[in-house]
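J.: Below you'll find the structure I mean.
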Amino acid sequence: MHNHTVNIALPDGTIKSFAKGVTSLEIAQSISERLSQQILASLVNGEVWDITRPITEDAAVKLLTWQDEDGKKAFWHSSAHLMAEALESLYPGIKLGIGPAIANGFYYDIDFGDYDFDATHLPRIEEKMLELARQNNLYQGIVVNKPAAISFFQKKGDPYKVELLEGLQDGSITFYKHGNFTDLCRGPHIPHTGFIKAVKLLNISGAYWRGNEKNKQLTRIYGITFPQQKELKAYLELLEEAQKRNHQKIGKELKLFTFSEKVGIGLPLWLPRGTVLREQLEQFLRRAQVKAGYQPVVTPHIGHKELYMTSGHYDKYGEDSFQPIRTPHEGEEFFLKPMNCPHHCEIYKHEPRSYRDLPVRLAEFGTVYRYEQHGELHGLVRTRGFTQDDAHIFCRNDQVREEFAKVIDLVTYVFSALGFSDYTARLSFRDPEQLHKYIGDQEDWDKAEEAIEEVAKLRKLNTTKALGEAAFYGPKLDFMVKDALGRNWQLGTVQLDYQLPVRFDLSYTGADNKKHRPVMIHRAPFGSLERFIAILLEHTAGKLPLWLAPEQVAILPISEKFAAYAEEVNQNLRNKDIRCFIDHRDEKIGKKIREAELSKIPYMFIIGEKEQLERTVSVRKQGAGDQGSFPIDKLVQEIVEDIS
């Protein structure tokens, strides 16, 4: 006798029985009519499905609404299709590339052929999208065989879709249709276009087909949509705030860093103020690392090709590296280092190690180089040369959990000191479907993943799991930090590695007098120093905490008459290692104050006749206005206490 029911496990732990072939929409209707009108897609055994797809076996089901990340993703993916329909109706004969959902919204790559297209056309497309959305057209998935699919897009004249189809397996091809539009798509999609109530097309850029500079450049249109107009309004306000906080804008205003085409794109030049900021961050972490038992090391910016052949980085990063450096010696090749780890393995190996020596913790602010594609470079967030606050811990198997826990403590200490209080830890594990992508022994992988999960639980971290996000040599714990604008950034990473010690034949002598293999932990609380500073500038809008500010005090004499007293105050501050300067310009005091405010300098000391007589300074605090007059010694003491 066949079983005609399926058991559905819901997120709250309840299990309900339904007739075989039940859809997620019907499950929602059984809970409440209101929910059934809000459901956009569903998560069935961890996979996102259309809500009309029949469920034929027992499953764990989560009903997805606009409040869920996967719900938003389906919403934005469906919006990309709606935009493509609007574009086809306004510009007949255009050719379509791909149109995925992204972190915020979606894009579609379009070949406009002979049409002249620019950003002034975007409002017209928005109107068309809303007009089409109001038709409440259903998104319908259809399974199509490969020859029929290729024939459809050949007739339509869409060469990009034909090229995509050639790489797909017959039997796995689906089209999605809504209104007068059909697209090659895996799905899933929202039930119908009527959910889309607010549209904003944000900008356009050039994008090479399939990211390859040898291919044709298409026009990429970015957009975002919402189920309510008020949400779009709030998002655009957030966007405006993000523009004000753009780290490149702040970097220019505060004279922190610059770029020069002569030096090369993606290679930042740090100006004096920015260098102070970098050095403060480095010193802060160096002090924390010394307390945690790390030893500093320095390694070269280049390494022999053989070093990266041994480590496996050559196979994995060969194409992302700069071209090899060839020496006059026949066949000798060096590479700009893409990673610090191989160099640290060689430092570990330079002398015999005993089980009593472990753990060995080696730390370096090591600059690495990767040839990122031109279009992927973005200020300090994505560069071609960047400094990692890298450290590698070589330990025994029985020390892994404790060392991992200590690293988590260090990372969370760094975050709290810098005002990042909202973060989650992402367990980046193997993709069980693609085990061939990872090197090393499966048993080691199992042990490593188990250890990371256990330590994260012990440290009461708020965790999520991401299958397929592991490094090729081991699982990772990535910290995802939420900034002041609610954006998520990956900051700080801890990786467990059983593979490099094998590749470099690293060993230590155990208590049994036999050779054993150490385990390696890679960790970088900042990640890339450049990227970390970019995120910090956007998070704080350039108002850095006092201890980090490149200039902590601006001394503003009202006129030249008070220059000698200003110099005395300046010397007093410098003697206590407070970073300060005197604005000697022959300008009105109002202008000096305004410029010091714009430069985000935490303290302004204003000096006039009264202050000189009383041996005080009049204090203004960044963003808080006048604080009154204070004796200089008292102020110096307060600032020293604040920054220590």
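The values are calculated or read from the model by the stated rules, or taken from the named source; none is laboratory data. Everything numeric in this text was worked out from a predicted model, so none of it was measured. When we count neighbours, we look across all protein chains shown, and the Cβ atoms used for this are built from the backbone with ideal geometry, even at glycine.
J.: Provide a single number: the residues in the stretch 8-30 that are farther than 16 Å from residue 64 by Cα and either touching a Gly at 6+ places or on another chain (Cβ under 8 Å) or hydrophobic (A, V, I, L, M, F, W, C) (or both). Give the steps one after another, and end with the answer.
T.: If we filter the stretch 8-30 for residues that are farther than 16 Å from residue 64 by Cα, which is where we start, we get 13-22.
Checking which are either touching a Gly at 6+ places or on another chain (Cβ under 8 Å) or hydrophobic (A, V, I, L, M, F, W, C) (or both) leaves us with 15, 18-19, 22.
Residues meeting the conditions: 4.
J.: Can you tell me which residues in the stretch 606-629 are in contact with a Phe, Trp or Tyr (Cβ under 9 Å, 6 or more places away or on another chain) and surrounded by 17 or more Cβ atoms within 10 Å (Cβ to Cβ)?
T.: Those that are in contact with a Phe, Trp or Tyr (Cβ under 9 Å, 6 or more places away or on another chain) and surrounded by 17 or more Cβ atoms within 10 Å (Cβ to Cβ): 607, 608, 611, 612, 616, 617, 618, 619, 620, 622.
J.: I'm trying to understand the selection: among the residues of the stretch 38-48, which are surrounded by 12 or more Cβ atoms within 10 Å (Cβ to Cβ) and either within 26 Å of the chain's Cα centre (by Cα) or closer than 23 Å to residue 225 by Cα (or both)? Reasoning before the result, please.
T.: At the first step, the residues of the stretch 38-48 found to be surrounded by 12 or more Cβ atoms within 10 Å (Cβ to Cβ) are 38-45, 48.
The answer is 38, 39, 40, 41, 42, 43, 48.
J.: Could you please give the count of residues in the stretch 275-297 that are under 23 Å from the mean Cα position of the chain (by Cα) and of a type in the set (A, V, I, L, M)?
T.: Residues that pass the stated criteria total 3.
J.: Which one is farthest from the chain's Cα centre (by Cα), of the residues in the stretch 350-403 that are farther than 30 Å from residue 247 by Cβ and among the aromatic types (Phe, Trp, Tyr)? Write out each step before concluding.
T.: Kept after step one, since they are farther than 30 Å from residue 247 by Cβ, are these residues of the stretch 350-403: 350-362, 393-403.
Applying the additional criterion that residues be among the aromatic types (Phe, Trp, Tyr) yields 355, 394.
On the way: 355: 38, 394: 28 Å.
Among them, the one singled out is 355.
J.: Another question, if that's okay. If a residue has to be acidic (Asp, Glu) and assigned to a loop (DSSP other than H, G, I, E, B) to count, how many in the stretch 582-610 make the cut? Don't jump to the end; show me each part of the working.
T.: Narrowing the stretch 582-610 to residues acidic (Asp, Glu): 583, 586-587, 595, 597, 609.
If we keep only those that are assigned to a loop (DSSP other than H, G, I, E, B) as well, we get 583, 586-587.
Total satisfying the criteria: 3.
Residues are listed down the side, and each one gets a yes or a no for (1) in contact with a Lys or Arg (Cβ under 6 Å, 6 or more places away or on another chain); (2) on the phi > 0 side of the Ramachandran plot; (3) in contact (Cβ under 8 Å) with a residue 40 or more places away in the chain; (4) not β-branched (Val, Ile, Thr):
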{"site": "347", "(1), (2), (3), (4)": "no, no, yes, no"}
{"site": "350", "(1), (2), (3), (4)": "no, no, no, yes"}
{"site": "354", "(1), (2), (3), (4)": "no, no, yes, yes"}
{"site": "362", "(1), (2), (3), (4)": "no, no, yes, yes"}
{"site": "393", "(1), (2), (3), (4)": "yes, no, yes, no"}
{"site": "415", "(1), (2), (3), (4)": "no, no, yes, yes"}
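J.: State whether the residues of the stretch 435-446 include one that is in a loop (DSSP other than H, G, I, E, B), modelled with pLDDT of 85 or more and charged (D, E, K, R).
T.: Narrowing the stretch 435-446 to residues in a loop (DSSP other than H, G, I, E, B): 438-441.
Retained after the next criterion (residues that are modelled with pLDDT of 85 or more): none.
No, that holds for no residue.
Conditions tested, residue by residue: (1) under 30 Å from residue 284 (Cβ atoms); (2) not assigned by TED's automatic domain parsing to the domain that holds residue 506.
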residue	(1), (2)
322	no, yes
330	no, yes
333	no, yes
345	yes, no
349	no, no
354	no, no
358	yes, no
374	no, yes
377	yes, yes
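J.: Of (1) surrounded by 17 or more Cβ atoms within 10 Å (Cβ to Cβ); (2) under 21 Å from the mean Cα position of the chain (by Cα); (3) free of Cβ contacts under 8 Å to residues at least 12 places away in the same chain, residue 251 satisfies all except one. Which?
T.: (3)
J.: Also: What single numbered condition from (1) under 21 Å from residue 392 (Cα atoms); (2) modelled with pLDDT under 90; (3) among the aromatic types (Phe, Trp, Tyr) fails to hold for residue 294?
T.: The number of the failed condition is (2).
J.: If you go through the stretch 1-31 one residue at a time, how many are assigned to a loop (DSSP other than H, G, I, E, B), within 12 Å of residue 63 (Cα to Cα) and out of contact with any Leu (no Cβ under 9 Å at 6 or more places or on another chain)?
T.: Within the stretch 1-31, the first condition is being assigned to a loop (DSSP other than H, G, I, E, B), and the residues that meet it are 1-4, 10-14, 20-21, 23.
Filter once more, so that each one left must be within 12 Å of residue 63 (Cα to Cα): 10-12, 23.
Now narrow it down to the ones that are out of contact with any Leu (no Cβ under 9 Å at 6 or more places or on another chain): 12, 23.
So the answer is 2.
J.: In the stretch 597-644, how many are out of contact with any strand residue (DSSP E or B) (no Cβ under 7 Å at 6 or more places or on another chain) and among the basic types (Lys, Arg)?
T.: 3
J.: Got a sec? Which strands (runs of 3 or more DSSP E) wholly within the stretch 471-553 have at least 1 residues that are of a type in the set (S, T, N, Q)? Before you say what the answer is, go through the steps one by one.
T.: Working: elements: 476-482, 488-497, 519-524.
Of the strands (runs of 3 or more DSSP E) lying wholly inside the stretch 471-553, those with at least 1 residues that are of a type in the set (S, T, N, Q) span 488-497.
J.: Would you check which residues across the stretch 218-238 are among the hydrophobic types (A, V, I, L, M, F, W, C), closer than 15 Å to residue 123 by Cβ and at pLDDT 95 or above and list them? Quick ask: steps written out before the conclusion?
T.: Filtering the stretch 218-238 down to residues among the hydrophobic types (A, V, I, L, M, F, W, C) leaves 218, 221, 224, 226, 232, 234, 236, 238.
In the following step, the residues that additionally are closer than 15 Å to residue 123 by Cβ were identified as 221, 224, 232, 236.
Within the stretch 218-238, 221, 224, 232 meet the criteria.
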